[in-house]
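*Asks:* For reference, the structure I am asking about is given below.
The values are calculated or read from the model by the stated rules, or taken from the named source; none is laboratory data. Quick caveat: nothing in here was measured; it's all calculated off a predicted structure. Counting neighbours? That spans all protein chains shown, and the Cβs are built from the backbone with ideal geometry, glycine included.
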Amino acid sequence: MNWAAFGAVGEIVGAGAVVVTLLVLITQLRQNTAEMRAATVQSLLESSTELFTQTISSPIPEIIGKQQKGETLTGADEYRLFMFHRRNFQLFEQVYLQYLQKRVSQEVMDAYRQRILSHVSNARWEEYWAAIKPLATRSFVIYVEQVSNDV
């Protein structure tokens, strides 16, 4: 065998090694992406659960009940209710921004869209949104306004 033949065999082996390396890297990248998405969703669900737990043990359910019955709310009740909406919308914005970065699926975003709709149906929605909107990113504001127009 001459040097040209050795060179040709070496090029074939080298090309094969490059292909194998690329396949391994692609597999690792896919696994890493899946793990990152799962961790993101887990973190968001933990945040949602924590907010839910805080809400249940707070006066918010009673305040919402009073509001739904048309009863007069105290100034403290009004403030708590506003902060409840603001806090939830901060989480919703977090989910939306993760969605834009493709860290959460469409299915997860659709679930949070339903949560947004439950807030949009509040009698004082326009007032709350006017105060929350300046604190949010432009893209999230556009998204929420599209969702609220769908009601």
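*Asks:* Search region 90-126 for residues being part of a loop (DSSP other than H, G, I, E, B) and of a type in the set (A, V, I, L, M, F, W, C), and hand back the single one that is surrounded by the most Cβ atoms within 10 Å (Cβ to Cβ).
*Replies:* Residue satisfying both the conditions and the ranking: V104.
*Asks:* How many residues does region 127-139 hold that are exposed (fewer than 13 other Cβ atoms within 10 Å of the Cβ) and either of a type in the set (D, E) or free of Cβ contacts under 8 Å to residues at least 40 places away in the same chain (or both)?
*Replies:* 3
*Asks:* Pairs only if they're at least six apart or on different chains, beta carbon under 9 angstrom, first in region 1-22 and without any contact (Cβ under 8 Å) to a residue 40 or more places away in the chain, second exposed (fewer than 10 other Cβ atoms within 10 Å of the Cβ); list them, first residue then second.
*Replies:* Filtered contacts from region 1-22: V9/M1.
*Asks:* Any residue that is touching a Lys or Arg at 6+ places or on another chain (Cβ under 6 Å), surrounded by 15 or more Cβ atoms within 10 Å (Cβ to Cβ) and on the phi < 0 side of the Ramachandran plot - is there at least one of those in region 76-89?
*Replies:* There is no residue in region 76-89 that is touching a Lys or Arg at 6+ places or on another chain (Cβ under 6 Å), surrounded by 15 or more Cβ atoms within 10 Å (Cβ to Cβ) and on the phi < 0 side of the Ramachandran plot.
*Asks:* Restricting to region 16-64, name every residue that is hydroxyl-bearing (S, T, Y), in a helix (DSSP H, G or I) and loosely packed, with under 13 Cβ neighbours inside 10 Å.
*Replies:* Residues satisfying the conditions are T21, T27, T33, T49, T53.
*Asks:* Something else: Of the conditions (1) modelled with pLDDT of 80 or more; (2) surrounded by 10 or more Cβ atoms within 10 Å (Cβ to Cβ), T72 fails just one. Which one is it?
*Replies:* If we test T72 against (1) modelled with pLDDT of 80 or more; (2) surrounded by 10 or more Cβ atoms within 10 Å (Cβ to Cβ), just (2) comes out false.
*Asks:* Shifting gears a bit: R87 fails exactly one of the following numbered conditions: (1) farther than 18 Å from S48 by Cβ; (2) basic (K, R); (3) free of Cβ contacts under 8 Å to residues at least 40 places away in the same chain. What is the number of that condition?
*Replies:* Every condition holds for R87 apart from (1).
*Asks:* Give the residue that is surrounded by the most Cβ atoms within 10 Å (Cβ to Cβ), with candidates limited to residues of region 140-151 that are in a helix (DSSP H, G or I) and of a type outside the set (F, W, Y).
*Replies:* Across region 140-151, the extreme among qualifying residues is V144.
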